[in-house]
Amino acid sequence: MATAPTVAVIGGGYAGMATAVSLAAQNISVTVFEAGKQPGGRARRVDHQNTALDNGLHILSGAYSETLRLICLVNPQHESALLRIPLAWHMHREFDLVAPRLPAPLHLLIALLGARGAGLGERFAIIRFIAELKRADFCLAVDCSVEQLLGYFKQSDFMQRVFWRPLCVAALNTPPAIASAQVFINVLRDTLNASREASDLLLSRVDLSALFAEPAAAFIARHGGNIRLGTRVTALEPLDAGFAVEASGERAAFSHVVCALPPHQVGAFIDGIPALAGAATMIAQFRYQPIYSVWLQYPSPVTLPHPMLGFADGPLHWLFDRGTLCGQSGLIGAVISAEGAHQELTQDELGALAQSEIARRIGGLPPPQWVRVIAEKRATFACTPGLQRPTSVTPLKNFYLAGDYTASEYPATLETAVRSGIACAAAITAR
């Protein structure tokens, strides 16, 4: 009989934990090596002033089928951990769109016809745009930028500013001028053109570690797996039958390895391995886009008009009311996605800018009690037209890549990361 696999997963972010959960559920021996003190990677909890923050503000959608499936599998409190609301798009004092709880595509049609702030012609232009994409089976003959796509389909400057550009940046974390139109269309296909539930927004009522990564770690441990936090892998050596993994001065052998590190860290493990030269070349071509999260703790009575509130211009893109979402009274999270002039500011300057912008937009707010800026300078790869991404299954036998940067129809999202991890687990169990 074949020897049962023993799998090392390097990296405890959503991709690595999805791999390990999928293997552990089949009683396959798995060890997760995570350099941080807690799992979650770029979607994890950060403690500050006795308050649980997230290092990045993430929005889930109803189309995140695999992420939601694994959350349900490992998190017994999943129903209370997520706030599910129909598609709602609130651009402060400029544009409002709310989808009713009706079957698709009626929900989107009524939402667009009833949207406030846009002219009737602009709303019909969106309907025609989506209808034409549907007739083309959501496929472009040649990829181009989102900006070019919107111009071709005659979307007005106003709708680009209050709807399409914020949607592109939220989905791809890449400015429309350089973002892949085909990947953007894939997102539209599986959210706005799918079931009504697929277009729902899911906002986490708990921090992102508590939402999935920590329950996943507990699930893996219950199924005989091993989670090694605060343990950095320092060497990886291919053997005749598997790999030797060195971490914290200890060396252990595994039959399979899944590298679930962010792409800018993967090179240290695959450079110099001839079978992985193609993947290394692709990753070396990546450019990266930042996400800045600014947390502001106001006195308890402070709230926002909506749990999620957008701005069509200015430095801030979205505000999240953590009091409404998580019971963290007075805590406001501001997110700035993709590249821009804000990258030139110090964290103190950026915190002061966010405070002044919120005061100017909302009005009547007291000064915050504290401000914390969390910068993920390489939060995602820049999702540009025609970008080549490495596959999860590599030419090196029993070595896999998991992460939101691997080959996929989708941009760098939690769902992409989770799907890549599941694909790695499936490849291991299929052999």
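Where a number appears in this text, it was derived from the coordinates with a stated rule and is not lab data. Treat the numbers as computed from the prediction; the structure is a model and nothing was measured. FYI the Cβ positions are ideal-geometry reconstructions off the backbone, even for glycines, and counts take in every protein chain you see.
Among V335, V32, V393, the ranking by other beta carbons within 10 Å of each residue's beta carbon, starting with the fewest, stands as V393, V335, V32. Legend: calculated FRET efficiency, A426 to T6, from the Cβ-Cβ distance at R0 = 30 Å, rounded to 0.05, equals 0.95. Across the chain, C-alpha contacts under 8 Å between residues 6 or more apart give a mean separation that, scaled by the residue count, equals a relative contact order of 24 percent.
Largest first, the extents of the alpha carbon coordinates of the range 288-381 on the three principal axes equal 38, 23, 23 Å.
About its Cα centre, the range 87-199 has a charge dipole of approximately 280 debye under the convention of +1 per Lys or Arg Cβ and -1 per Asp or Glu Cβ, with nothing else charged.
Taking the longest Cα principal axis of the chain as reference, the axis of helix 181-191 is set at about 80 degrees. Under a cut-off of 30 Å between alpha-carbon atoms, report the lysines in cross-link reach of K154, not counting same-chain residues fewer than 8 places apart. Cα-Cα hits under 30 Å: K134. Using a cutoff of 8 angstrom between alpha carbon atoms and counting only pairs six or more residues apart, the relative contact order for the range 288-381 works out to 45 percent. Calculated on C-alpha atoms, the gyration radius of the range 109-264 divided by its Kirkwood radius gives an Rg/Rh of 1.15. Efficiency by 1/(1 + (r/R0)^6): what FRET value for A277 and F124, r their Cβ-Cβ distance, R0 = 51 Å, to the nearest 0.05? It comes to 0.50.
Pair-distance distribution of the chain: all C-alpha pairs, bin width 20 Å, starting at 0; shares per bin in whole percent are 25, 56, 18, 0. Quick one: check the C-alpha center-to-center distance for the range 201-222 versus the range 296-346, whole angstrom. The range 201-222 and the range 296-346 have Cα centres spaced 23 Å from each other. When the charge dipole of the chain is built from unit charges on Cβ atoms (+1 for Lys and Arg, -1 for Asp and Glu) and taken about the Cα centre, the candidate among G249, A63, S420 whose Cα reaches farthest toward its positive end is A63. Placing pseudo-labels 7 Å out from each Cα toward the beta carbon at S300 and R161 gives an inter-label distance of 4.1 nm.
How large is Rg/Rh for the range 210-329, to two decimals, with Cα atoms and a Kirkwood Rh? Please list the in-between numbers first.
Details: Rg = 21.5 Å, Rh = 19.1 Å.
Rg/Rh: 1.12.
In terms of overall dimensions, the range 1-121 has a Cα radius of gyration and Dmax of 20.4, 69 angstrom.
Compute the distribution of all C-alpha to C-alpha distances in the range 80-143, in bins of 10 Å from 0, and list the percent of pairs in each, rounded to whole numbers. Calculated over all Cα pairs of the range 80-143, the distribution is 19, 41, 30, 10, 0 percent. Cα-based radius of gyration for the range 87-199, normalised by 2.2 N^0.38 Å, reads 0.99.
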